[in-house]
Amino acid sequence: MTIDSLSRRRLLQGAGMAALASALPVASAFAKDTTVGFIYVGSRDDYGYNQAHAAGAAALKKMSGVKVVEEEKVPETDAVEKTMESMINLDGATLLFPTSFGYYSPHMLKMAVKYPKVRFEHAGGLWTEKDPKNAGSYFGYIDEAQHVAGIVAGYSSKTGKLGFVAAKPIPQVLRNINAYLLGARLANPKATLQVIFTGDWSMPVKEAEATNSLIDQGCDVLTCHVDGPKTVMENAARRGAMVSGYHVSAAPLVPKAYLTGAEWNWEALYPKFVKMFTAGETIPNFYRGGLKEGLVKVSPYGAMVSEQARKHADDVKAKLMAGGYAIFKGPLKDNKGAVVIAGGVSRGQTDPELEKMNYLVEGVIGATS
Amino acid sequence: MAFGKNIGGAAEYVVIPALALLGALAAFGIFAALFGKDPIDLYFFMYQGAFGTWFSWQNTLTRAAPLILTALCTALPAQLGMVIIGGEGALLIGGLCATAAALVVQGAPPLLVDVAMAIAGMLAGGLWIALSGALRQFRGVNETISSLLLVYIALAVLNFLVEGPMRDPSSLNKPSTREIGAANMIGAIPGTDVHWGLVFGLVAAALAYVLIFHTTFGFAARIAGGNVRAARIVGLNVGRLVLIVCLLAGAAAGLAGMVEVAAVQGRANANLAVGYGFTGILVSFLARHNPLAIVPVAILLGGINASGGLLQRRLGLPDASVLVLQGMIFVSVLMSETLYGRFRIFARKEA
């Protein structure tokens, strides 16, 4: 069966799409299965953001009756709209996971309106009441895992100077930086965290420079918030510093330097979503959670992490799992001396004020602009 | 470098690039076979993803649209013998200024807003490349280097304004300007999903062709491109030619930026910088800087990019395989340049 067997007119009408898809030899194999499409902004083996999502997709491949199609390095332009349409029209996908933050508006929203029968699930936690009902957005409070990793870092640092290589001074990143320092200060009240912003999500050269610069200034434990932490991890380890990971575990890359890290746990969430979908249940449009809900996790501690650090970190982790523990509570000052959370005020994870974070807390060396 | 004046010459300009393309595709098939993928499947999916269905055609044309405009940014100065590779910068500045214009005249009728955006985008992009032209003309700065470096300045300006003075305070985790408004979006060509940028590109390519090959201005530009001293001796104002051509070239890329904002993104942010300007350089060189030839070449590259998704999904090839194919085509076409005039079959018909 080839395309030639279809009339030209039918092609032009665009109506033959479904027939064409089923006429393809490969497509016929998808027929009974639920086809789930994954779209990544970077490469799926980046030891970072995209790999974390790809690990979630890999978990789906083990489920019976589920077929996964993936496309990597799709920019946040109309290219992603076309990729979504292509997955729907040519692969028969009925559930899509466009995983990059910038895919949501306007691209995914546009497609959700155009294809009301397809379910769209976006990583970012952006869905609001005015958005289409067949669209959803989920995200994890990964600052909880960063907070626990910060405790380990606080105990492990000999100089008391920690380093953070960050992409952009946006709320999500600032929240991770602040949670990390607040964790470190539970272990060592004098700990400081020096932050360098590289300006963009994937800047390997600047990330390497920032890593070297932080180590030159005495930082001996480093972490980061960029799309691909590999550069920071490998360079820091080479220079003899210890690292704490982000997105996925970097233990396979730098086993001797890896203390712990903040990881996504998409491999737990995605099978849950897909099971709901295939059972005909509705996936919540807006879904957020942290350690307790299993959306994020803390990497297993490295062998060099002290007993004291493990105990303290596990203790805080248990409190976070139980709920009720607040990372951000007053009195809290920013690093310019202004009070950002007044005494007696405790901001829980779901507090919308935290979504607008635009400050670095006292103890962080660096500026947001 | 027009299409040949006789049938034999014209055929040469079609047959040799076509053979080069086939050679690159054959090499890519061997490359895929080495990785255990069936080349027949490969070609089938490439055809399927790029041109096999009406949806695929629209996908291809959507991806080709910005490339036609950015390719003109390299092709026009090439007539003067200049190698401008900074179309990306003009695109970014054009998109940024178009957004600013839309935000300033917001509330005006949509057509007026779009016209203001187009003018602002073209003017800004034009001046950006004219800066490279002026640096070369009056200060002897190499235009290739300066236009490339200006890309990074443009990117820094874009990021600074989008994350600072022009930032929409509600764009928390994805710094962006305010939106230009749904009413002001230029939308799709009726009956398709392809935005109007494609039509802008086709019109611009046709105008550029007429300008270069059918006006005295274009003739003068080509003379200056052939031999600057000879052009000066016959009294041509080369400085003026350089500036005007650079202005027009930058305007084309600036228009591409305006289209990205007005038809795709609806606002300016870092998503404008996805490399259309750089792919445009490739398109222009493959088209031998001929404005009309840019159109099919842009569609070809758009098709390759469109089919890349299917190659990833059906054959499990990595995204980089598309870059490998583009590289093979580029090398193959450049090597084929040496073949012109060597085949007697084309020469014989000349008589």
Using the Cβ atoms and a cut-off under 12 Å, what net charge is assigned to the surroundings of A:I170, where Lys and Arg are +1 and Asp and Glu are -1? +2
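Remind me, what semi-axes does the protein assembly as shown give for its equivalent ellipsoid, largest first in whole Å, using sqrt of 5 times each Cα gyration tensor eigenvalue?
Numbers: eigenvalues 449, 194, 117 Å².
Working through the eigenvalues yields semi-axes of 47, 31, 24 Å.
Rounded to two decimals, what is the ratio between the C-alpha radius of gyration of the stretch A:33-140 and 2.2 N^0.38 Å? Don't skip to the answer; put the middle values down first.
Numbers: Rg = 12.7 Å, N = 108, 2.2 N^0.38 = 13.0 Å.
Here the answer is 0.98, to two decimals.
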GNM of chain A, Cα pairs under 10 angstrom: of A:S105, A:S137, A:S299, the biggest fluctuation goes to A:S105
So which lysines can A:K67 reach, going by Cα to Cα under 21 Å and dropping same-chain residues fewer than 8 places off? A:K32, A:K82, A:K117, A:K272, A:K275, B:K37
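Only Cα pairs under 8 Å and at least 6 apart count here; give the relative contact order of chain B as a rounded whole percent.
Relative contact order here is 35 percent.
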I want to verify a result. In a Gaussian network model of chain B, Cα cutoff 10 Å, which of these has the top mean-square fluctuation: B:M117, B:M185, B:M258? B:M185
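Would you mind working out the magnitude of the charge dipole of chain A relative to its Cα centre, with +1 at each Lys and Arg C-beta and -1 at each Asp and Glu C-beta, to the nearest 20 Debye? Don't skip to the answer; put the middle values down first.
Details: 41 positive and 36 negative charges, 88 e Å.
Dipole size: approximately 420 debye.
Mind checking the stretch B:242-351 for GluC sites (Glu not before Pro) that DSSP puts in a loop (not H, G, I, E or B) and that have at most 12 other Cβ atoms within 10 Å?
Values: sites: B:E260, B:E337, B:E350; in loops: B:E350.
Loop-located and lightly packed - B:E350.
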Pair A:K319, B:A188: separation of 7 Å Cα→Cβ label points (nm): 5.4 nm
Can you tell me the alpha carbon radius of gyration of chain B divided by the globular rule-of-thumb value 2.2 N^0.38 Å? 1.03
Residue farthest toward the positive end of the dipole of the stretch B:17-162, with Cβ of Lys/Arg at +1 and Asp/Glu at -1: which of B:I153, B:G89, B:F138? B:F138
Which order do A:S306, B:S171 fall in if you start with the one that has the fewest other Cβ atoms within 10 Å? A:S306, B:S171
Cross-link reach from A:K133 to aspartates and glutamates, straight Cα distance under 14 Å and at least 8 residues apart if same chain, gives A:E121, A:E281
Can you give me the Cα centroid spacing of the stretch A:322-369 and the stretch B:124-194 in angstrom? 35 Å
For peptide A:39-46, how many partner chain Cβ atoms fall within 10 Å of a residue's Cβ, on average? 1
Determine the gain in length on full extension of the stretch B:V331-B:A230; use 0.36 nm per residue of separation and subtract their C-alpha separation, reporting nm with one decimal. 33.1 nm
Between the stretch A:184-242 and the stretch B:276-329, what is the separation of their alpha carbon centroids in Å? 37 Å
Over chain A, calculate the relative contact order: mean separation of alpha carbon pairs under 8 Å at least 6 apart, over the residue count, as a percent. 17 percent
For A:K317, the aspartates and glutamates lying under 16 Å Cα to Cα, once residues fewer than eight places off in the same chain are dropped, come out as A:D143, A:E144, A:E263, A:E293, A:E307
Any idea how far apart A:A342 and B:F160 come out in nm if each label point goes 7 Å out from Cα toward Cβ? 3.9 nm
Listed residues B:G225, B:G86, B:G327; largest mean-square fluctuation, Gaussian network over chain B with Cα springs below 10 Å, found at B:G327
With charges only on Cβ, +1 for K and R and -1 for D and E, what is the dipole size of the stretch B:128-253 about its Cα centre, in debye, rounded to 20? 600 debye
Using the Cα centre as the reference, give the magnitude of the dipole from point charges on the C-beta atoms of the protein assembly as shown (Lys, Arg: +1; Asp, Glu: -1; all else neutral), rounded to the nearest 20 debye. 560 debye
Per-residue average of Cβ from other chains inside 10 Å of A:66-76: 4
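Let me check I've understood the local charge: for A:S157, count other residues with C-beta under 14 angstrom from its C-beta, Lys and Arg +1, Asp and Glu -1. What total comes out?
Numbers: positive: A:K158, A:K161, A:R185, A:K190; negative: A:D220.
For residues surrounding A:S157, the net value is +3.
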Loop by DSSP (not H, G, I, E, B), at most 11 other beta-carbon atoms within 10 Å: where is the longest site-free stretch of chain B for trypsin sites (Lys or Arg not before Pro)? B:6-341
Could you order peptides B:209-220, A:80-91 by the average number of other Cβ atoms within 10 Å of their residues, highest first? A:80-91, B:209-220
Take the stretch B:154-258, compute every pairwise Cα distance, and split them into 5 Å bins from 0; I just need the percent in each bin. 2, 10, 13, 14, 13, 12, 11, 9, 8, 6, 2, 1
Using the Cα centre of the protein assembly as shown as origin and beta-carbon charges of +1 (Lys, Arg) and -1 (Asp, Glu), tell me which of A:A208, B:Q265, B:A252 is placed farthest towards the positive end of the dipole. B:A252
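Where a number appears in this text, it was derived from the coordinates with a stated rule and is not lab data. The structure displayed is predicted, hence computed values, not measured ones. In this analysis, Cβ positions are derived from the backbone assuming ideal geometry, glycine residues included, and neighbour counts consider all displayed protein chains.
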